[in-house]
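The values are calculated or read from the model by the stated rules, or taken from the named source; none is laboratory data. Note that this is a predicted model, so its numbers are computed, not measured. Cβ sites come from the backbone with ideal geometry, for glycine too, and all protein chains shown count toward neighbours.
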Amino acid sequence: MKILLYIAALLCGICLPCPLLGDDFLLVVGEPGEATYEAPFESSAQIWRSHFSTDPSYRFHLIGRDRPATRPDREALKEYLENADIHSTETLWIVLHGHGTFDEKVTSFNLRGKDVTLEEFHEWLKPLAKRPLVFINSSASSSQFLTKLAGPNRIIITATQTTGEENYSYFGQYLASALQAQEADLDGDGSLSLLEAFLHASRSVEAHYKNENRMTTEHAILDDNADGKGTPVDFFKGIHAIQKPKTAASIDGQKAASLLLSRSEDEKNLTSQQRESRVALEKKIQELRQKRSQIGDQSYYTQLEKIALQLAEIYHQPKEEDHE
């Protein structure tokens, strides 16, 4: 049955994700400012912390919730990035949860004490240019972070599509809650990909404003094709992108679909060799999809079925102990 479900998922255009091992995860929680935001900031931080600090697949680090602060958050953030392993092939995750501002010149994320600017992040991340990076800024006026930080091996998500979207952003709260929401697993495979979390949070934001009969003042975007344009939720049907920016060589979402925030038991049981085999086969599927209009549906589905069966065999093989 699992094999049939896997084949069905592939035929529907779903890219099943690959687990992570040994990633660094940095959560930066900003200054709430008003008492109104203290509780939601703390609640979201607790969700991130409980989810990732107990997962051996991540080395979790938190900046911004120690009371009282032992040193300036900006100083702690700079030191963390300066000490990050520039040669590592594991992903560095950076999640900013809080308020953001744009004063017509400078885009900033609000920390306790001195804020951190987009330009500072850009400089601090330069030495890490070759390392895989997931950077999520869930604050208002955050869109320029995507434009400035996009690049190869990077997935950038911002809560807003323009700097003019300056009202408080709810995207961060819904992104955190996606970690605990069964319905966020959009393809029903028991795992939660970064793409699924992004889509679930974006649609939850839309529902929030609709329920309050308010105009939506934030539109999250995702970039993982390095063009710095970003793709909003309405470019997706289910978890499959049906549109792409006109100037993009490839669609956004493919890399985000391959990174997991939580894993099913089947995913956990895969060996390193099986994961590598699956990545290679899924790359073939991506290449095949790009040629679909040229080769026609009959050839497309015939070739896709062959690859899908090879992928299904990976899950059907007896599992051996992974000593890595």
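Any residue in the stretch 51-67 that is touching a Gly at 6+ places or on another chain (Cβ under 9 Å), more than 26 Å from SER191 (Cα to Cα) and surrounded by 16 or more Cβ atoms within 10 Å (Cβ to Cβ)? Yes: one or more hits. Can we say THR91 is within 25 Å of GLU38 (Cα to Cα) and in the same structural domain as LEU222 (by TED's automatic domain parsing)? Here the answer is no, as THR91 does not meet what is asked. Screening THR70, THR101 for residues that are touching a residue at least 60 places away in the same chain (Cβ under 8 Å), farther than 17 Å from LEU26 by Cα and not basic (Lys, Arg) leaves exactly one candidate, THR101.
When the stretch 126-150 is examined, which residues are found to be touching a residue at least 12 places away in the same chain (Cβ under 8 Å) and surrounded by fewer than 16 Cβ atoms within 10 Å (Cβ to Cβ)? Full working, then the answer.
Within the stretch 126-150, the first condition is being touching a residue at least 12 places away in the same chain (Cβ under 8 Å), and the residues that meet it are 127-150.
Passing the criteria: PRO127, ALA129, LYS130.
Here ALA140 meets the list (1) among the aliphatic types (A, V, I, L, M); (2) within 16 Å of ALA201 (Cα to Cα); (3) assigned to a strand (DSSP E or B) almost entirely, failing just condition (3). Can you confirm whether the stretch 246-260 contains a residue that is of a type outside the set (A, V, I, L, M), out of contact with any Asp or Glu (no Cβ under 8 Å at 6 or more places or on another chain) and modelled with pLDDT of 80 or more? The answer is no, given that none of the residues of the stretch 246-260 is of a type outside the set (A, V, I, L, M), out of contact with any Asp or Glu (no Cβ under 8 Å at 6 or more places or on another chain) and modelled with pLDDT of 80 or more.
Check the stretch 204-219 and report whether any residue there is farther than 21 Å from GLU267 by Cα and among the small types (Gly, Ala, Ser). Let's see the steps before the verdict.
Filtering the stretch 204-219 for residues farther than 21 Å from GLU267 by Cα gives 204-219.
From what is left, the residues that are among the small types (Gly, Ala, Ser) are 204, 207.
Yes, because at least one residue in the stretch 204-219 is farther than 21 Å from GLU267 by Cα and among the small types (Gly, Ala, Ser).
Scoring LYS255 on the criteria (1) closer than 23 Å to ARG49 by Cα; (2) outside any loop (DSSP other than H, G, I, E, B); (3) touching a residue at least 24 places away in the same chain (Cβ under 8 Å) leaves a single failure, condition (1). Among the residues of the stretch 27-50, the ones that are within 26 Å of ASP85 (Cα to Cα), surrounded by 20 or more Cβ atoms within 10 Å (Cβ to Cβ) and not aromatic (Phe, Trp, Tyr) come to 5 in all.
For the condition exposed (fewer than 14 other Cβ atoms within 10 Å of the Cβ) and in contact (Cβ under 8 Å) with a residue 24 or more places away in the chain, what is the one hit in GLU206, GLU265, GLU218?
Numbers: GLU206 fails: exposed (fewer than 14 other Cβ atoms within 10 Å of the Cβ); GLU218 fails: exposed (fewer than 14 other Cβ atoms within 10 Å of the Cβ).
When all the criteria are applied, what remains is GLU265.
A single entry from GLN144, GLN180 fulfils the requirement of being out of contact with any Leu (no Cβ under 7 Å at 6 or more places or on another chain) and of a type outside the set (Phe, Trp, Tyr): GLN180.
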